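Peer 1: Handing you this structure, nothing more for now.
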Amino acid sequence: MYSFDYRRADDAQHAVSTLGATPDAKYLGGGQSLLPTMRLRLAQPSALVDVTRIPALRQIAVDPKTVTVGAAVCHADVAEHAQIQRVLPALAQLAGSIGDRQVRALGTLGGSIANDDPAADYPAALLALNATVVTDRRRLGADAFFVGLYETALEPDELIVAVEFPVPERAAYEKFRNPASHFALAGVFVARSADGVRVAVTGAAASVFRAAALETALAANFTPEAARTVTIAADDLNTDMHASAAYRAHLIPVLAARAVAHANG
Ligand SMILES: Cc1cc2nc3c(=O)[nH]c(=O)nc-3n(C[C@H](O)[C@H](O)[C@H](O)COP(=O)(O)OP(=O)(O)OC[C@H]3O[C@@H](n4cnc5c(N)ncnc54)[C@H](O)[C@@H]3O)c2cc1C
């Protein structure tokens, strides 16, 4: 690993001004994606601005309509939060399925969505729940936030402060995980609300995406049987050492059906 400076920010404004004043600096969340990248010498920031001690980024607020999670909240704290488990259990279960105990104790919501790994779990929750990403300067809907492979709509110095998740009527997340890393070979988050049904798929393509055919089928009939009738084209899906595009295409309706069964459960 190359040498770098370490700075700890006290508040959001301090973090943004420190990053802006330091060429090639990057924010540091739990370090679970950034530090391995630096160790592999795929990134060489001049400084890391640690945002995990900023009080505003560590808050969780739950009311009957919205769950708000600060960007520096670690996965374990979401998984174990009693109010989130009660109001939005699918989100707590998703957080509890990320990686292993160490990853969940350090990795943060903000770091996960800023990194936008194509197999990450949280992006599916944001997209299916139509969440809003709150940054130091604006509010971004999930549909606009995730742009492509490891690419989001964030400006280089933009700091994620929190994510607001609307509470759906029903929701569940199912993933078929890589047994070594626990990343999703494919993961499907299904959410039904007064506005309709949204289905988001992660792990299967270059970036998280909404499955329109599943949304249409489930809007008409919110049952596992309806999900199983849908065929997903393999054309734009990933083939890698873990699974073929055809296998992933087969998995998506299967996982959607399981998610609907759990959401209805
Ligand atoms: C062994 C292993 C297994 C894993 N398994 C899974 C899994 O099953 N599912 C899954 O989803 N993930 C998995 N992960 C990834 C994990 O969830 C990471 O926590 C996450 O990808 C990055 O979060 P972090 O807080 O560690 O961010 P960092 O690694 O600290 O940062 C990642 C990126 O986000 C930026 N960043 C951090 N915070 C902010 C912010 N507030 N605003 C703007 N930019 C910010 C950083 O500058 C950097 O570019 C795994 C990781 C490991 C090491």
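The values are calculated or read from the model by the stated rules, or taken from the named source; none is laboratory data. All values derive from a computational prediction rather than experimental measurement. Using ideal geometry, Cβ is built from the backbone for each residue, glycine included, and neighbour counts are taken over all protein chains shown. Just so you know, the surface numbers come from the protein's heavy atoms only, side chains and all, with ligands and any DNA or RNA stripped out. Shrake-Rupley method; radii C 1.70, N 1.55, O 1.52, S 1.80 Å.
Peer 1: Specify which of the listed residues (GLN32, GLN102, GLN44) is within 12 Å of the ligand (Cβ to nearest atom), on the phi < 0 side of the Ramachandran plot and outside any helix (DSSP H, G or I).
Peer 2: Going through GLN32, GLN102, GLN44 in turn, just one is within 12 Å of the ligand (Cβ to nearest atom), on the phi < 0 side of the Ramachandran plot and outside any helix (DSSP H, G or I): GLN32.
Peer 1: Mind checking which residues of region 235-245 are surrounded by 12 or more Cβ atoms within 10 Å (Cβ to Cβ) and of a type in the set (A, V, I, L, M)?
Peer 2: LEU237, ALA243, ALA245
Peer 1: Is it the case that region 122-140 has a residue that's assigned to a loop (DSSP other than H, G, I, E, B), outside the structural domain of ALA204 (by TED's automatic domain parsing) and near the ligand (Cβ under 9 Å from one of its atoms)?
Peer 2: Yes; the residues of region 122-140 include at least one that is assigned to a loop (DSSP other than H, G, I, E, B), outside the structural domain of ALA204 (by TED's automatic domain parsing) and near the ligand (Cβ under 9 Å from one of its atoms).
Peer 1: Taking HIS182 as meeting all but one of (1) near the ligand (Cβ under 9 Å from one of its atoms); (2) touching a strand residue (DSSP E or B) at 6+ places or on another chain (Cβ under 8 Å); (3) not charged (D, E, K, R), write down the number of the exception.
Peer 2: With (1) near the ligand (Cβ under 9 Å from one of its atoms); (2) touching a strand residue (DSSP E or B) at 6+ places or on another chain (Cβ under 8 Å); (3) not charged (D, E, K, R) applied to HIS182, the lone miss is (2).
Peer 1: Same structure, new question: Quick one: would you say ALA217 is farther than 17 Å from ASN130 by Cβ and either open to solvent by less than 70 Å² (accessible area, probe 1.4 Å) or of a type outside the set (A, V, I, L, M, F, W, C) (or both)? Before you say what the answer is, go through the steps one by one.
Peer 2: Working: farther than 17 Å from ASN130 by Cβ: yes; either open to solvent by less than 70 Å² (accessible area, probe 1.4 Å) or of a type outside the set (A, V, I, L, M, F, W, C) (or both): yes.
Yes; evaluated as a whole, the condition is true for this residue.
Peer 1: When you scan region 148-169, do you find a residue that is more than 22 Å from ALA71 (Cα to Cα) and either of a type in the set (Lys, Arg) or part of a strand (DSSP E or B) (or both), even just one?
Peer 2: no
Peer 1: Does any residue of region 109-119 turn out to be over 26 Å from ARG170 (Cβ atoms), acidic (Asp, Glu), within 11 Å of the ligand (Cβ to nearest atom) and open to solvent by 50 Å² or more (accessible area, probe 1.4 Å)? Can you show your working first?
Peer 2: So in region 109-119, the residues over 26 Å from ARG170 (Cβ atoms) come out as 110-111, 114-118.
Cutting the leftovers down to acidic (Asp, Glu) gives us 116-117.
Pick out the ones that are also within 11 Å of the ligand (Cβ to nearest atom) and you get 116-117.
Add one more test, that the residue is open to solvent by 50 Å² or more (accessible area, probe 1.4 Å), and what stays is none.
Within region 109-119 (the criterion being over 26 Å from ARG170 (Cβ atoms), acidic (Asp, Glu), within 11 Å of the ligand (Cβ to nearest atom) and open to solvent by 50 Å² or more (accessible area, probe 1.4 Å)), the answer is no, since none of the residues qualifies.
Peer 1: Sticking with this structure for a sec: Give THR52, THR22 a once-over and let me know the one that is within 18 Å of the chain's Cα centre (by Cα), of a type outside the set (Gly, Ala, Ser) and not in a helix (DSSP H, G or I).
Peer 2: Going through THR52, THR22 in turn, the sole match is THR52.
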